[in-house]
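A.B. asks: I have a structure here, written as structure tokens, and I will follow up with some questions on it.
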Amino acid sequence: MKPREFLAHSGRQFGTLVGLFALCAVLWALTPHFLTVSNLLNVAQQTSINAVIAVGLTFVIISGGIDLSVGSLVAFSGVVTASLLQRTVPVPLALLAGLMTGLACGLVNGLLITFGRLPPFIATLGIMSVARGGSLLYTNGRPVSGFGEDFRWIATGEILRVPVPVVIMIVVYAIAHFVLRRTPFGRYLFAMGGNEEAALLSGVRVRLHKTLVYGVCGLLSALAAVMLTARLNSAQPIAGINYELDAIAATVIGGASLLGGQGSVVGTLIGALIMGVLRNGLNLLGVSSFIQQVVIGAVIILAVLLDTAFKRPKR
Amino acid sequence: MNPALTVPALALRGIRKEFPGVVALDGVDLDLWAGEVHVLLGENGAGKSTLMKIISGAVARDAGEVLLDGVPIEIRGPRHAQALGLGIIYQEFNLIPHLTAGENIFLGREPRLLAGVIDQRALVRAAQKILDELGVAIDARSVVSRLSVAQQQMVEVAKALSLNARVLMMDEPTSALTEQEIRELFATIARLKARGVALVYISHRMEELFVIGDRVTVLRDGRHVGTRPIGETTMPELVRLMVGRDLKDQFPKQTAPVGDEALRVEGLRRHGVLHDINFTLRRGEVVGLAGLMGSGRTELARAVFGADPVDGGRIFVGGHERQIGSPRAAIDLGLGFLTEDRKHQGLVLGLSVQENTCLPSVGAFSRFGVMQVAQESAATAARIAELRIKTPGPHQRVGTLSGGNQQKVVLGKWLTTEADVFIFDEPTRGIDVGAKVEIYQLINQLAARGAAVLMISSELPEILGMSDRILVMHAGRIAGEFTAAEATQEKLLAAALGRAGRHAA
């Protein structure tokens with residue numbers, strides 16, 4: 001690609017990245033503790049769960065859909081994994097079962113949308129409630145706690161001095177970026193989101209790939225559930241409330257269009273980091289959590305306002 | 001003295017508009033007098049719709065002057081244009097189907113009882129008055145979706161009049177009307193003329209303009225090539241002005257040797273849409289498919305391509321019977337479908353030339369699930385070269401290209417899948433004269449390479465000029481089949497209207 005084409009393709013991410021750096025610079029000036037290795041690793045660790053969910057949602061949003069059920073799937077996959085661990089099922093098996101739970105729920109979303117012809121908003125809203133209720137029923141509303149060290153390693157361990165959750169996030173993003181840019185599946189997501197009819201008439205198996213993308217999103221929610229359960233040493237049936245909104249925010253700050261056909265994994269990562277850095281910085285500054293919510297909301301709106309202002313076509 | 005008689009109601013001077021890569025309008029002048037019907041003629045892409053969009057405020061001009069009653073004005077947007085009395089009725093109506101005629105007429109300007117409360121009775125009364133004055137029998141309380149196309153059009157006219165339109169532009173107003181409805185439309189137009197409205201009338205039906213027009217202006221390639229009083233011109237002169245050359249070289253038909261059977265359809269039917277369709281395409285052959293709008297031409301193409309389900313019938317590709325249950329299956333059998341509507345069905349406008357060109361082939365271009373970028377780039381470069389696609393590069397977004405180049409990208413998709421049966425649906429709609437000839441030459445080349453081509457078109461000259469054999473559809477059936485030698489415009493039209501028996505093949 002020529003430099004100009006590169007900029008045209010990556011200009012949006014570049015702008016978001018500048019925003020992230022500006023935010024870091026401001027926080028550094030306000031509180032020197034912000035820019036220490038330990039704090040930055042802390043931010044990355046706190047961001048990792050939202051970031052993993054947001055990647056799945058980015059795929060769904062690029063394909064022209066939406067998934068509101070991710071937060072509930074975090075809770076449901078979490079309690080399934082945790083209850084198996086408590087029954088001393090081997091860790092790898094319990095992990096696999098948890099991930100498959102998320103995948104299966106995601107595929108149900110996909111089937112409702114493709115074969116049931118439900119709008120994604122409705123289908124995933126329904127599953128959101130079903131999965132939440134299912135988690136509460138399954139646990140009688142009580143948290144499932146206390147796991148062995150080998151499972152806790154997912155949250156507490158380090159690989160080459162990098163916390164495991166951060167490693168997981170990096171690996172997930174590397175794979176997701178590759179899938180989106182270099183595999184037919186990734187190309188089809190953009191095509192379906194940009195123009196579903198044209199994609200269908202170009203031989204894209206729209207129903208298959210749409211079902212799959214919700215499955216992937218459910219799978220990544222389950223991965224986030226495992227990370228969360230390990231970190232808290234407990235799986236809560238009420239975990240993950242509002243996680244879908246954080247993930248949508250990261251995706252949108254990262255430049256995806258809710259109309260579909262646009263978005264990038266790198267953008268979403270930067271978006272998730274902006275949210276993480278903001279939370280961390282406001283905490284360091286001792287800003288109350290009430291004000292934090294206001295600030296985060298304002299940042300989401302500002303990011304999208306700037307985006308539309310730059311993208312608005314001339315009459 | 002009445003100013004309406006000394007200066008035009010609306011005058012355009014030296015209007016220029018550029019879109020990326022195309023000059024849509026280049027110094028166009030136009031005078032519209034109160035009480036005249038001014039016909040705007042030109043081939044697709046000549047600049048008629050851009051000119052209309054400038055007057056209606058949908059598009060801003062780059063240069064030139066607009067004078068209303070001799071006074072220079074700026075048109076700041078569609079609402080401003082309405083306020084100035086410049087109304088437009090697009091081919092696709094802007095009506096809200098679930099609201100009533102009256103509610104549509106006063107949409108956004110409803111009479112109020114109090115702040116925020118609509119005075120429904122006043123609304124119905126005022127809307128009914130406008131409809132009655134127009135001389136149309138429509139109840140202002142009827143829901144728009146239940147009205148006929150002609151009645152919906154009248155609601156649009158009423159809406160424009162309720163805004164005190166002094167200039168009313170109509171884009172292809174007769175394209176979906178029956179003959180009776182057209183006569184009623186013309187009567188309405190005559191009444192509007194008498195009221196002093198200046199009308200701009202765009203139509204591809206040349207015979208209409210001699211009935212309804214007062215003056216005619218011809219545009220070609222974005223330039224004003226002539227304005228004539230209707231009584232002082234003839235059909236051949238107007239055609240010459242529109243095309244800018246003799247019609248002969250408009251269709252560079254070459255005949256290729258006809259080979260084996262490529263596609264055979266037997267007894268294809270879909271309830272209420274297609275009835276007992278039989279035809280054969282041979283290699284090297286260009287078969288034209290004519291018929292009126294709604295006769296089932298596009299539906300036939302979609303059914304053969306696996307995009308719509310069928311209720312029965314058999315399809316043979318290369319002599320073997322095949323099940324085509326999806327577009328994917330059709331593509332894998334070597335079919336390519338160039339849809340009528342590029343923007344909604346043919347292309348993903350947000351993706352690049354390369355991504356669109358390779359979309360049907362991405363799977364084939366992948367190894368172990370990974371796309372081979374080098375292969376994609378090579379295929380795209382080859383298409384850009386052989387189809388002479390004018391694009392800054394393979395990574396250019398397709399939405400920024402001109403219509404002709406977009407059409408070439410669609411064709412490029414099917415060359416990349418190495419299709420050998422091509423279905424073209426309205427291949428030259430909305431593209432300019434030069435690009436049309438290029439598309440015709442490409443169709444010739446496909447036939448010369450041994451591909452079979454089915455070409456659906458509403459333009460009979462195109463069908464007559466490019467086909468080796470012609471099928472005509474009427475009401476979901478093949479109503480006639482003609483060789484190129486025996487076909488005439490009259491015979492095709494008679495078959496399309498269902499007035500002729502099936503000729504022997």
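The values are calculated or read from the model by the stated rules, or taken from the named source; none is laboratory data. These numbers come from a predicted model, not from an experiment. Here the Cβ is made from the backbone with ideal geometry for all residues, glycine too, and neighbour counts use every protein chain on show.
A.B. asks: Select from region B:290-348 the residues that are among the aliphatic types (A, V, I, L, M) and in a loop (DSSP other than H, G, I, E, B) and write down the one among them that is farthest from the other protein chains (Cβ to nearest Cβ).
C.D. replies: Going through the qualifying residues, I end up with B:Leu292.
A.B. asks: Quick check on this structure: which one of B:Ala60, B:Ala46, B:Ala34 is at pLDDT below 90 and in a loop (DSSP other than H, G, I, E, B)?
C.D. replies: Result: B:Ala46 is the single residue among B:Ala60, B:Ala46, B:Ala34 that is at pLDDT below 90 and in a loop (DSSP other than H, G, I, E, B).
A.B. asks: Would you mind finding the one in B:Arg166, B:Arg146, B:Arg112 that is out of contact with any Leu (no Cβ under 7 Å at 6 or more places or on another chain) and either within 30 Å of B:Gly70 (Cα to Cα) or outside the structural domain of B:Val197 (by TED's automatic domain parsing) (or both)?
C.D. replies: Within the list B:Arg166, B:Arg146, B:Arg112, the selection yields B:Arg166.
A.B. asks: Looking at B:Ala58 and the list (1) within 14 Å of chain A (Cβ to nearest Cβ); (2) surrounded by 20 or more Cβ atoms within 10 Å (Cβ to Cβ), which single condition is not satisfied?
C.D. replies: (2)
A.B. asks: Also: Across region B:350-371, what is the total count of residues that are assigned to a loop (DSSP other than H, G, I, E, B) and facing chain A (nearest Cβ under 7 Å)?
C.D. replies: Residues flagged as assigned to a loop (DSSP other than H, G, I, E, B) and facing chain A (nearest Cβ under 7 Å) within region B:350-371 amount to 5.
A.B. asks: Further question on the same structure: Mind listing whichever residues of region A:259-276 are surrounded by fewer than 24 Cβ atoms within 10 Å (Cβ to Cβ), of a type outside the set (S, T, N, Q) and within 14 Å of another protein chain (Cβ to nearest Cβ)?
C.D. replies: A:Leu259, A:Gly260, A:Gly261 - these are the residues of region A:259-276 that are surrounded by fewer than 24 Cβ atoms within 10 Å (Cβ to Cβ), of a type outside the set (S, T, N, Q) and within 14 Å of another protein chain (Cβ to nearest Cβ).
A.B. asks: Please enumerate the residues belonging to region B:403-438 that are surrounded by fewer than 24 Cβ atoms within 10 Å (Cβ to Cβ), among the basic types (Lys, Arg) and in a helix (DSSP H, G or I).
C.D. replies: Scanning region B:403-438 gives a single hit, B:Lys436.
A.B. asks: While we're on this one: Within region B:182-194, track down each residue that is out of contact with any Asp or Glu (no Cβ under 9 Å at 6 or more places or on another chain) and either free of Cβ contacts under 8 Å to residues at least 60 places away in the same chain or in the same structural domain as B:Ser458 (by TED's automatic domain parsing) (or both).
C.D. replies: B:Arg183, B:Glu184, B:Leu185, B:Ala187, B:Thr188, B:Ala190, B:Leu192
A.B. asks: Which one is farthest from B:Glu172 (Cα to Cα) among residues in region B:70-79 that are in contact (Cβ under 8 Å) with a residue 12 or more places away in the chain and more than 12 Å from chain A (Cβ to nearest Cβ)?
C.D. replies: Ranking the candidates gives B:Gly70 first.
A.B. asks: Another question about this same structure. If B:Pro257 satisfies all but one of (1) touching a residue at least 60 places away in the same chain (Cβ under 8 Å); (2) closer than 23 Å to B:Gly450 by Cα, what's the number of the condition it fails?
C.D. replies: Status for B:Pro257: all satisfied but (1).
A.B. asks: Among the candidates B:Gln407, B:Gln396, B:Gln372, which residue alone is free of Cβ contacts under 8 Å to residues at least 24 places away in the same chain and outside the structural domain of B:Asp311 (by TED's automatic domain parsing)?
C.D. replies: Being free of Cβ contacts under 8 Å to residues at least 24 places away in the same chain and outside the structural domain of B:Asp311 (by TED's automatic domain parsing) holds for just one of B:Gln407, B:Gln396, B:Gln372, which is B:Gln372.
A.B. asks: Look at B:Gly450 and say whether it is surrounded by fewer than 21 Cβ atoms within 10 Å (Cβ to Cβ), modelled with pLDDT under 90 and either out of contact with any strand residue (DSSP E or B) (no Cβ under 9 Å at 6 or more places or on another chain) or more than 13 Å from chain A (Cβ to nearest Cβ) (or both).
C.D. replies: no
A.B. asks: Would you confirm whether or not region A:164-173 contains a residue that is within 14 Å of another protein chain (Cβ to nearest Cβ), in a helix (DSSP H, G or I) and over 19 Å from A:Gly271 (Cα atoms)?
C.D. replies: No, there is no match, as no residue in region A:164-173 is within 14 Å of another protein chain (Cβ to nearest Cβ), in a helix (DSSP H, G or I) and over 19 Å from A:Gly271 (Cα atoms).
A.B. asks: Scan region A:140-156 residue by residue and report those that are at positive phi and of a type in the set (S, T, N, Q).
C.D. replies: Across region A:140-156, the qualifying residue is only A:Asn140.
A.B. asks: Go through region A:187-258 and tell me which helices (runs of 4 or more DSSP H), entirely inside it, have 1 or more residues that are within 14 Å of chain B (Cβ to nearest Cβ) and over 21 Å from A:Leu112 (Cβ atoms).
C.D. replies: A:196-201
A.B. asks: If the Cβ limit is 7 Å and pairs must be 6+ apart or interchain, which residue in region A:63-87 that is in a helix (DSSP H, G or I) pairs with which residue that is among the basic types (Lys, Arg)?
C.D. replies: Qualifying pairs under 7 Å: A:Ser72/A:Arg132; A:Ala75/A:Arg132.
A.B. asks: Can you give me the number of residues within region A:277-315 that are within 14 Å of chain B (Cβ to nearest Cβ) and under 22 Å from A:Pro32 (Cβ atoms)?
C.D. replies: Here the count works out to 0.
A.B. asks: Right, something else. Does region B:363-374 contain at least one residue that is within 31 Å of the chain's Cα centre (by Cα) and hydroxyl-bearing (Ser, Thr, Tyr)?
C.D. replies: no
A.B. asks: Here's a follow-up. Tell me, please, whether a residue that is in a loop (DSSP other than H, G, I, E, B) and either within 13 Å of chain A (Cβ to nearest Cβ) or under 27 Å from B:Ala329 (Cβ atoms) (or both) can be found in region B:395-402.
C.D. replies: Checked against the condition, which is being in a loop (DSSP other than H, G, I, E, B) and either within 13 Å of chain A (Cβ to nearest Cβ) or under 27 Å from B:Ala329 (Cβ atoms) (or both), region B:395-402 yields at least one hit.
A.B. asks: Taking B:Gln91, is it out of contact with any strand residue (DSSP E or B) (no Cβ under 6 Å at 6 or more places or on another chain) and in contact (Cβ under 8 Å) with a residue 60 or more places away in the chain?
C.D. replies: So B:Gln91 does not fit the description; no.
A.B. asks: Given the criterion assigned to a helix (DSSP H, G or I), of a type in the set (Phe, Trp, Tyr) and without any contact (Cβ under 8 Å) to a residue 60 or more places away in the chain, identify the matching residue among A:Phe121, A:Phe151.
C.D. replies: A:Phe121
A.B. asks: What number of residues within region B:8-31 satisfy the criterion of being at pLDDT below 90 and under 30 Å from B:Ala187 (Cα atoms)?
C.D. replies: 0
A.B. asks: Oh, and also: Any residue that is of a type in the set (S, T, N, Q) and touching a Gly at 6+ places or on another chain (Cβ under 8 Å) - is there at least one of those in region B:157-178?
C.D. replies: Yes - at least one qualifying residue is present in region B:157-178.
A.B. asks: For region B:439-449, check the following and say yes or no: at least one residue is outside any helix (DSSP H, G or I), of a type in the set (A, V, I, L, M) and outside the structural domain of B:Thr357 (by TED's automatic domain parsing).
C.D. replies: no
A.B. asks: Give just the number: which of (1) more than 30 Å from B:Glu426 (Cα to Cα); (2) assigned to a strand (DSSP E or B) does B:Arg109 not satisfy?
C.D. replies: Here B:Arg109 clears every test but (2).
A.B. asks: So, one more: Look at region B:17-58 and say how many of its residues are more than 23 Å from B:Gln91 (Cβ to Cβ), over 23 Å from the mean Cα position of the chain (by Cα) and not aromatic (Phe, Trp, Tyr).
C.D. replies: 5
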